[in-house]
Amino acid sequence: MRDSGEERPVWAWIDQDALRHNASRAIDCARGRTIIGVVKADGYGHGIADVTRALLAQGVSRLAVVSVSEGAELRRSGIVAPILLLGGLEDTTAAERALKWGLTPVLHDQRGFELARASGRGGSPLSIEVEIDTGMRRMGVAPGEAVGLLDRISETRQLVLSGVFTHLACADDADAKASRDQVALLGEITREFGRGGRSMPQTHIANSAGLFRLNDFETRDLGVVTSAVRPGLMLYGVSPFSDRSAESLDLDPVMTLAARVVAIRVASKGDGVGYGGDWRAARDTRIATLPLGYADGLPRSLAGKGEVFLAGAMRPIVGRVSMDYIAVDVADAAVEVGQVATVFGRTSDGTRVPVEALARAAGTIAYEILVGVGARVPREVGSGLPPNMDPSPLGRAV
């Protein structure tokens, strides 16, 4: 709970009930497949250790991070679950640290294979997975080289092949053709690798969007029936689709970003607000100042486009977003200094303020908004809706 003496009255509420609910949704959608919970980027900005504990308690059995340092942080916090290292191995130091912390590196090429083989031990082999680039063209071994690399791994006593996967580039598209083509290519590769009688390791293709659409592109006629899924965004209560809301997918927002009104000013018709006076009042109005800005993750592009929930309604952000403050036009609403504005998430009475809407207003995606919430914004972990933090009226500053 926020201390009334805090210097900056801004905070992020992390609802572990919502996180557990979303994890249950992923488990239901997975229909018996292993859940690899993606907790990279500090748990999408929610706090990696707290997020991980809640996911594991709910039945998520594996985790995925992008760097060795993220994996090491989880190990130091007492997490013993398998951790997939999506970013792979950069050098020998990373390979040795991956072995030390019991991480499972992803191999993307021959260089990664050599690093992993050099760090593995005959009596203590290094568990690895291989990403195959079936169309993302970002990371992963090229399809024409995949079977050869898988063969070399299977013959290397210092390594254990525990998984093969690909990353869908268009899983959120209404047309599933691109995803089906990627899955079919993965199927061709795994079938060729398995022709020598080798048993296939765990396979996975589905991110959050892919998990909701498994029936669209993962069928036996494509030669792939996966044994694991990799949900990320949906775990945090955000829709992976542009045309479907989180609520329609039965997802609950985990993070609520909120702040108290720290000042109220009167703007007469024609008065400018903020740097440059870019926005000018079209009428006499009142302007509420909130103590958060682009240093806290609010894009400058929200000026004149974004809204926050304050005094029972959505209120427009006006003037330029500055480093530490935004201005909100509250007109003649009964807004007092000290009242709480919800930037995104849920209010204490359950009203949804979708982060997706804020992201659209800023011309970006929800991922960027979540991970951009700055480190100086304290995360408060609790269960259920954010507590009602509106104080008794403190009077109006004009």
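The values are calculated or read from the model by the stated rules, or taken from the named source; none is laboratory data. Please read these numbers as outputs of a predicted model, since none were measured by experiment. Heads up, the Cβs are rebuilt from the backbone with ideal geometry, glycines too, and the neighbour counts pull from every protein chain shown.
GLY148: on the phi > 0 side of the Ramachandran plot, without any contact (Cβ under 8 Å) to a residue 60 or more places away in the chain and assigned by TED's automatic domain parsing to the domain that holds TYR44, yes or no?
no
Identify, please: which residue in the range 272-315 is of a type in the set (Asp, Glu) and crowded, with 18+ Cβ neighbours inside 10 Å and is, among those, farthest from ALA334 (Cα to Cα)? Quick ask: steps written out before the conclusion?
We begin by selecting, within the range 272-315, every residue of a type in the set (Asp, Glu); these are 278, 284, 296, 307.
Remaining after also requiring crowded, with 18+ Cβ neighbours inside 10 Å: 296, 307.
Working: ASP296: 27, GLU307: 17 Å.
Per the criteria, the residue is ASP296.
Can GLY350 be described as within 24 Å of the chain's Cα centre (by Cα) and either among the aromatic types (Phe, Trp, Tyr) or assigned to a loop (DSSP other than H, G, I, E, B) (or both)? Write out each step before concluding.
On the way: within 24 Å of the chain's Cα centre (by Cα): yes; either among the aromatic types (Phe, Trp, Tyr) or assigned to a loop (DSSP other than H, G, I, E, B) (or both): yes.
Yes: the conditions hold for GLY350.
May I ask you to list the residues in the range 197-213 that are free of Cβ contacts under 8 Å to residues at least 12 places away in the same chain and at negative phi? I'd like the intermediate steps shown before the answer.
The first filter runs over the range 197-213 and keeps only residues free of Cβ contacts under 8 Å to residues at least 12 places away in the same chain, leaving 197, 199.
Hit for the range 197-213 is SER199, nothing else.
Among the residues of the range 263-302, how many are farther than 26 Å from ALA359 by Cα and in contact with a helix residue (DSSP H, G or I) (Cβ under 9 Å, 6 or more places away or on another chain)?
The qualifying residues number 1.
Pick from VAL343, VAL373: which is touching a Gly at 6+ places or on another chain (Cβ under 7 Å), in contact (Cβ under 8 Å) with a residue 40 or more places away in the chain and in the same structural domain as SER268 (by TED's automatic domain parsing)? Spell out how you get there, then give the answer.
Working: VAL343 fails: touching a Gly at 6+ places or on another chain (Cβ under 7 Å).
After ruling out the rest, the residue left standing is VAL373.
Only residues that are more than 28 Å from ILE83 (Cβ to Cβ) and either part of a helix (DSSP H, G or I) or not assigned by TED's automatic domain parsing to the domain that holds THR134 (or both): list them for the range 210-240, please. Spell out the reasoning first.
Taking the range 210-240 and keeping what is more than 28 Å from ILE83 (Cβ to Cβ), we get 215-216, 219-223.
Correct list: ASN215, ASP216, ARG220, ASP221, LEU222.
Which residue is farthest from ASP50 (Cα to Cα), if the candidates are limited to the range 5-32 and must be part of a strand (DSSP E or B) and β-branched (Val, Ile, Thr)?
Taking the range 5-32 and keeping what is part of a strand (DSSP E or B), we get 10-15.
Then keep just the ones that are β-branched (Val, Ile, Thr); that gives 10, 14.
On the way: VAL10: 20, ILE14: 9 Å.
Only one residue fits best here, namely VAL10.
Give me the pairs: first residue in the range 83-96 and within 21 Å of ILE132 (Cα to Cα), second residue charged (D, E, K, R) and surrounded by 15 or more Cβ atoms within 10 Å (Cβ to Cβ), beta-carbon distance under 7 Å, and six or more apart or on different chains, which are they?
Listed by first residue and then by second, the contacts come to LEU84/ARG62; LEU84/GLU129; LEU86/LYS40.
When you go through (1) modelled with pLDDT of 95 or more; (2) of a type outside the set (A, V, I, L, M); (3) surrounded by fewer than 20 Cβ atoms within 10 Å (Cβ to Cβ) one by one for ARG157, which number turns out not to apply?
(1)
How many residues does the range 168-227 contain that are under 17 Å from ASP151 (Cβ atoms) and of a type in the set (Phe, Trp, Tyr)?
1
Please tell me if SER239 is crowded, with 18+ Cβ neighbours inside 10 Å and in contact with an Asp or Glu (Cβ under 7 Å, 6 or more places away or on another chain).
Details: crowded, with 18+ Cβ neighbours inside 10 Å: yes; in contact with an Asp or Glu (Cβ under 7 Å, 6 or more places away or on another chain): yes.
Yes, satisfied.
What is the one condition in (1) at pLDDT 95 or above; (2) in a loop (DSSP other than H, G, I, E, B); (3) of a type in the set (Val, Ile, Thr) that ILE369 does not satisfy?
Status for ILE369: all satisfied but (2).
When you check ALA333 against the structure, is it under 28 Å from the mean Cα position of the chain (by Cα) and small (Gly, Ala, Ser), yes or no?
Values: under 28 Å from the mean Cα position of the chain (by Cα): no; small (Gly, Ala, Ser): yes.
Judged against the criteria, ALA333 is not a match.
How about the range 134-148: which of its residues are surrounded by fewer than 21 Cβ atoms within 10 Å (Cβ to Cβ) and out of contact with any Leu (no Cβ under 7 Å at 6 or more places or on another chain)?
Of the residues in the range 134-148, the ones surrounded by fewer than 21 Cβ atoms within 10 Å (Cβ to Cβ) are 135-139, 142-145, 147-148.
Passing the criteria: GLY135, MET136, ARG137, ARG138, MET139, ALA142, GLY144, GLU145, VAL147, GLY148.
Could you tell me whether the range 160-175 includes any residue that is assigned by TED's automatic domain parsing to the domain that holds LEU107, surrounded by fewer than 21 Cβ atoms within 10 Å (Cβ to Cβ), part of a helix (DSSP H, G or I) and of a type in the set (D, E, K, R)?
Scanning the range 160-175, I find no residue that is assigned by TED's automatic domain parsing to the domain that holds LEU107, surrounded by fewer than 21 Cβ atoms within 10 Å (Cβ to Cβ), part of a helix (DSSP H, G or I) and of a type in the set (D, E, K, R), so the answer is no.
Within the range 316-346, count every residue that is surrounded by 20 or more Cβ atoms within 10 Å (Cβ to Cβ) and in a strand (DSSP E or B).
Adding up the residues that qualify gives 13.
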